[in-house]
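The values are calculated or read from the model by the stated rules, or taken from the named source; none is laboratory data. None of the values given here were measured: they were computed from a predicted structure. Cβ atoms come from the backbone with ideal geometry, glycine included; neighbour counts cover every protein chain shown. Accessible surface areas use protein heavy atoms only, side chains included; no ligands, DNA or RNA. Shrake-Rupley method; radii C 1.70, N 1.55, O 1.52, S 1.80 Å.
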Amino acid sequence: MKGLLMRELHMTWFVGKSLMLFAFVFGLLVMFAEGNLFFAVYPALMFSMLPLSILATDERSRWDVYADTLPCSRSQQVSVKYLMSLIYIVSATLFIGLCQFVQMLRTDSFALSGLIDLLLLIAVLSLLSVSLCLPFTFRFGMEKGRLMYFCVLGLFGAVLALRATISPSLSLPKMTMPLALLIGAGLFALSWLLSIRFYRKRELN
């Protein structure tokens, strides 16, 4: 498992350099674009789905077939993707949160509750995107998984745009976001188990 984690970290740099630059640019936009959820949420969603990019590279290089000959189980191969997804989600959430904090200080509009709500929103959407996409990918392969990924991004983008259009100042009950995070974490755990089940039964060509 340790070897798989080290390989995943190496692949993160190899595959994810452009995504890191992308997230950095959007982070700068967060600092100077007031109240635009798109700039805050979109890069976090992209970064949280970095395992999909690595899975695509694995399939092209036939790593998935080679990994079956190594002393590591398919459960471990799936689990390392989910563990890295958690690392990506936490990293992206904290980075965007820092950028939003700077933006609030710059505009003299700091509100701790608003910052916490944003962090929770990013974490929830990132958890949901991983939970929806990875089981689909482990069951059907990368091509169909990529289609599911774009559908999820489009859905979340539409929801954010609709919310901003209908009622930008809509306030939610106090416990809505913590409850949503709890549900997101539960779905993430369920997704993890489903992915292990699907990948164990999948035949690699």
For region 6-23, what are the residues that are closer than 24 Å to residue 68 by Cα, aliphatic (A, V, I, L, M) and either out of contact with any helix residue (DSSP H, G or I) (no Cβ under 6 Å at 6 or more places or on another chain) or outside any helix (DSSP H, G or I) (or both)?
6, 9
Would you be able to say whether some residue in region 166-186 is closer than 24 Å to residue 53 by Cβ and either open to solvent by less than 30 Å² (accessible area, probe 1.4 Å) or modelled with pLDDT of 80 or more (or both)?
yes
So, restricting to helices (runs of 4 or more DSSP H) that lie completely within region 59-143, which ones have at least 2 residues that are surrounded by 15 or more Cβ atoms within 10 Å (Cβ to Cβ) and within 14 Å of the chain's Cα centre (by Cα)?
74-106, 112-140
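Counting only residues that are over 22 Å from residue 183 (Cβ atoms) and open to solvent by 10 Å² or more (accessible area, probe 1.4 Å), which one in region 144-154 is farthest from the chain's Cα centre (by Cα)?
If we take residues in region 144-154 being over 22 Å from residue 183 (Cβ atoms) and open to solvent by 10 Å² or more (accessible area, probe 1.4 Å), then 144 is farthest from the chain's Cα centre (by Cα).
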